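Novice: Quick one: the structure is below, and I'll ask about it shortly.
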């Protein structure tokens, strides 16, 4: 059986087996301190390289085919196991079992049949009488069980005799070595020699699932249930990585609960210190394990099925769950924006990373203090160019940073793709020509998505006041057409643009709409934290002419006169910022109009939640007439009423029940709309209720599957093309 590696690719069983054979031959001659120092040095390097797949490998969340859920409708399963390796561990079996009994838990103890110290019948009887399980742990625990096929068969006969004598149902090999095909020689109901993900193991290939699954024999009838451990081993956390708390256990458990999987932990009595061991370098305090059990009991009471391994095996034996394997995709995204402030890009990347895909994002650096490479929620963010601090007054000064970013993306992407191929490239405009940075992946068969956040010719004309028939606009339309033709799929951000873009570029067969929906895990109602007595009117976004912020500032003149406590807070940056600040000064509104720098998405969500009104004053006689603004849905999701310009795009998606429209471009109409919402409690409550309902029906969670299916379909085409070209 091929087992998915804990990394991005596949691991051949022969390589780790050869390495293990060499290691266990020389291990007896290496001092323990030297071995641990060597392992820690390797572990530090491994930890840096595997942050995206350990301790949580998100691809492991896929349940088996036809998974019925856990008995009694429980949210997840909790399975506690222990490997007893030497005399120290044997001496502490009773202490560990008493700790678990005190907290209301039971577990399985796996003993080495022919180790240096034999388990007595009295010990096994004590455990059985108190509701614990006994399993067989290897034969000698010397790392040589799977060295030769013939030798394994001979040892399997002796292991089977111990299984019979002990009345044991399960087996676990030493050092988590495994060959799931050979294990069919054992007379067992279950094996537990694997893990979902653990790059620190001698044989680091994982099964990439947090669910039990059926291992069928060659006859098609016999087999056994495989129970992978899904929480990191105690020796890895506390001895190898020197963790000082069970926080990683807790974090991994929370994720398993969310996925409805099996939380199976392997704790060694040999390494626990109950206060009776003076040499603490080889042990960790028992309170770590105790704290974890108390966390389970206190946080998830009545939500888990606490079962012994044999119980899980018996439960699964009837329907024999088949492990579903989905190889993680390798996706690269290109965006000329600040990643943590771009909700649309974050949402796409996060959805892929959540299910275990490897996602690289090439983006801008906010300032020189920001790190160039960072892992954010399992997304690899590479900031390859600093955002330009110059105000882009002219067309050339606007173009040059885009060309520089395109060049950097091209070089980075070409180098990385030749080293390890990407399955998909997702390019976000502006600019459209950024899609050509993917020329190398495209030549090798990788599919390319072009995501149209803004229609460039109209955006450019609005930004610089350029006539639609000018040579520059005609050039931009030609570039738009070439970019659309080059891409394999084009995503349009609203329905009004779909017909215009598809017809203009003769791309009807490759265009689809994915609206900039809101991630309600970020934009959700929360308790109001502000108690300053002010009335906050808020706008978060880019400060461009089509956004109409000058209209909002002029409207504040009359609002401030009637309501001295009212303030307009503007969060963002753009080429209109200086003129907007000047306008506020000229109108004497310094105390009522305040400007703030843009913030990351999660931070701005907290700010927006504490506003009294959200305002979106776009101009209907400009690019803003058809540009969908996700700010409207963000305010709705947060329970904040919205005053909105009556543009064509907003009348397409919203009505008067969920927003308060005002005549676009009219500051007096905007002031009247703000006044109505602030003074009419009934209107305010209606807008909040209807807006929340609208946001609930139209959110990212309901549309995410459409995007993931698109990625999978295109990636499958990449795979098929690769196979064809390499024959």
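The values are calculated or read from the model by the stated rules, or taken from the named source; none is laboratory data. Source: prediction; values computed, not measured. Methodologically, a virtual Cβ is constructed for each residue, glycine included, from the backbone with ideal geometry; neighbour enumeration extends over all protein chains shown.
Novice: Kindly indicate whether residue 597 is assigned by TED's automatic domain parsing to the domain that holds residue 545 and within 17 Å of residue 577 (Cα to Cα). Steps first, please.
Specialist: Values: assigned by TED's automatic domain parsing to the domain that holds residue 545: yes; within 17 Å of residue 577 (Cα to Cα): yes.
Against the criterion (assigned by TED's automatic domain parsing to the domain that holds residue 545 and within 17 Å of residue 577 (Cα to Cα)), residue 597 qualifies.
Novice: Same structure, new question: It is to be established whether one or more residues within region 428-442 are surrounded by fewer than 16 Cβ atoms within 10 Å (Cβ to Cβ), out of contact with any strand residue (DSSP E or B) (no Cβ under 6 Å at 6 or more places or on another chain) and assigned to a loop (DSSP other than H, G, I, E, B).
Specialist: no
Novice: Here's a follow-up. Just the residues that are under 28 Å from residue 562 (Cα atoms) and crowded, with 17+ Cβ neighbours inside 10 Å, please, taken from region 648-668.
Specialist: Correct list: 658, 659, 660, 661, 662, 664, 665, 666, 667.
Novice: Which residues, counting only those in region 369-383, are in contact with a strand residue (DSSP E or B) (Cβ under 6 Å, 6 or more places away or on another chain) and either assigned to a strand (DSSP E or B) or at pLDDT 95 or above (or both)? Step through it out loud before you land on a result.
Specialist: To start, the set of residues in region 369-383 that are in contact with a strand residue (DSSP E or B) (Cβ under 6 Å, 6 or more places away or on another chain) comprises 372-374, 379-383.
Scanning region 369-383 gives 373, 374, 379, 380, 381, 382, 383.
Novice: Looking at residue 400 and the list (1) out of contact with any helix residue (DSSP H, G or I) (no Cβ under 8 Å at 6 or more places or on another chain); (2) closer than 29 Å to residue 631 by Cβ, which single condition is not satisfied?
Specialist: Checking residue 400 against (1) out of contact with any helix residue (DSSP H, G or I) (no Cβ under 8 Å at 6 or more places or on another chain); (2) closer than 29 Å to residue 631 by Cβ, the one that fails is (2).
Novice: If residue 38 meets every condition in (1) surrounded by fewer than 19 Cβ atoms within 10 Å (Cβ to Cβ); (2) modelled with pLDDT of 90 or more; (3) more than 20 Å from residue 264 (Cα to Cα) apart from one, which number is that one?
Specialist: Residue 38 satisfies all of (1) surrounded by fewer than 19 Cβ atoms within 10 Å (Cβ to Cβ); (2) modelled with pLDDT of 90 or more; (3) more than 20 Å from residue 264 (Cα to Cα) except (2).
Novice: Please go through region 262-295 and give me each residue that is in contact with a strand residue (DSSP E or B) (Cβ under 6 Å, 6 or more places away or on another chain) and part of a loop (DSSP other than H, G, I, E, B), ordered by number.
Specialist: Within region 262-295, 268, 283 meet the criteria.
Novice: Let me ask something additional. Please work out if residue 112 is surrounded by 14 or more Cβ atoms within 10 Å (Cβ to Cβ) and under 39 Å from the mean Cα position of the chain (by Cα). Spell out how you get there, then give the answer.
Specialist: Numbers: surrounded by 14 or more Cβ atoms within 10 Å (Cβ to Cβ): yes; under 39 Å from the mean Cα position of the chain (by Cα): no.
No: the conditions fail for residue 112.
Novice: Is one or more of the residues making up region 400-420 part of a loop (DSSP other than H, G, I, E, B) and either outside the structural domain of residue 574 (by TED's automatic domain parsing) or over 17 Å from residue 492 (Cα atoms) (or both)? Break it down stepwise before answering.
Specialist: Initial filter on region 400-420 (part of a loop (DSSP other than H, G, I, E, B)): 420.
So of that shortlist, the ones also either outside the structural domain of residue 574 (by TED's automatic domain parsing) or over 17 Å from residue 492 (Cα atoms) (or both) come out as 420.
Checking region 400-420: at least one residue is part of a loop (DSSP other than H, G, I, E, B) and either outside the structural domain of residue 574 (by TED's automatic domain parsing) or over 17 Å from residue 492 (Cα atoms) (or both).
Novice: Another question about this same structure. Out of the residues in region 354-374 meeting the condition of being within 15 Å of the chain's Cα centre (by Cα) and crowded, with 22+ Cβ neighbours inside 10 Å, tell me which one is farthest from residue 63 (Cα to Cα).
Specialist: From region 354-374, those within 15 Å of the chain's Cα centre (by Cα) are 354-361, 374; that's our starting set.
Okay, now just the ones that are also crowded, with 22+ Cβ neighbours inside 10 Å, so 356-359, 361.
On the way: 356: 14, 357: 16, 358: 20, 359: 22, 361: 28 Å.
For region 354-374, the residue satisfying everything is 361.
Novice: Looking only at helices (runs of 4 or more DSSP H) that fall completely inside region 611-711, which ones have 3 or more residues that are under 20 Å from residue 535 (Cβ atoms) and not assigned by TED's automatic domain parsing to the domain that holds residue 352? Walk me through it before giving the result.
Specialist: Working: elements: 630-638, 648-653, 667-679, 681-697.
Correct list: 630-638, 667-679, 681-697.
Yes/no per residue for (1) closer than 30 Å to residue 439 by Cα; (2) surrounded by fewer than 19 Cβ atoms within 10 Å (Cβ to Cβ); (3) in the same structural domain as residue 616 (by TED's automatic domain parsing); (4) more than 34 Å from the chain's Cα centre (by Cα):
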residue	(1), (2), (3), (4)
475	yes, yes, no, yes
478	yes, yes, no, yes
488	yes, yes, no, no
503	yes, yes, no, yes
510	yes, yes, no, no
526	no, yes, no, no
541	no, no, yes, no
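Novice: Read through the list (1) within 32 Å of the chain's Cα centre (by Cα); (2) under 26 Å from residue 43 (Cβ atoms); (3) crowded, with 22+ Cβ neighbours inside 10 Å, then give the number of the only condition that residue 145 fails.
Specialist: Unmet condition: (1).
Novice: Whether any residue in region 567-578 is touching a helix residue (DSSP H, G or I) at 6+ places or on another chain (Cβ under 6 Å), buried (at least 16 other Cβ atoms within 10 Å of the Cβ) and in a helix (DSSP H, G or I) is what I want to check.
Specialist: no
Novice: Looking only at region 67-92, count every residue that is part of a helix (DSSP H, G or I), touching a strand residue (DSSP E or B) at 6+ places or on another chain (Cβ under 6 Å) and within 19 Å of residue 264 (Cβ to Cβ) and tell me the total.
Specialist: Taking region 67-92 as the starting set, the residues that turn out to be part of a helix (DSSP H, G or I) are 71-73, 87-91.
Of the ones still in play, those that are also touching a strand residue (DSSP E or B) at 6+ places or on another chain (Cβ under 6 Å) are 71, 90.
From the residues that got through so far, the ones that are within 19 Å of residue 264 (Cβ to Cβ) too are 71.
Total meeting the criteria: 1.
Novice: Another one. Give me the pairs, please: first residue somewhere in region 701-713 and farther than 16 Å from residue 345 by Cβ, second residue anywhere and surrounded by 16 or more Cβ atoms within 10 Å (Cβ to Cβ) and modelled with pLDDT of 85 or more, beta-carbon distance under 8 Å, and either six or more positions apart or on two chains.
Specialist: From region 701-713, the pairs are 706/514; 712/329.
Novice: With the requirement that a residue be assigned to a strand (DSSP E or B) and over 24 Å from residue 521 (Cα atoms), what does region 311-331 give you? Before the answer, list the steps.
Specialist: Taking region 311-331 and keeping what is assigned to a strand (DSSP E or B), we get 330-331.
330, the sole residue that qualifies.
Novice: Okay, next question. Filter region 114-133 down to the residues that are closer than 24 Å to residue 178 by Cα and touching a strand residue (DSSP E or B) at 6+ places or on another chain (Cβ under 6 Å), then identify the one that is modelled with the lowest pLDDT. Let's see the steps before the verdict.
Specialist: Taking region 114-133 as the starting set, the residues that turn out to be closer than 24 Å to residue 178 by Cα are 114-119, 133.
Filter once more, so that each one left must be touching a strand residue (DSSP E or B) at 6+ places or on another chain (Cβ under 6 Å): 119, 133.
On the way: 119: 91, 133: 98.
Here the residue is 119.
Novice: Residue 274 fails exactly one of the following numbered conditions: (1) modelled with pLDDT of 95 or more; (2) in contact with a helix residue (DSSP H, G or I) (Cβ under 6 Å, 6 or more places away or on another chain). What is the number of that condition?
Specialist: (1)
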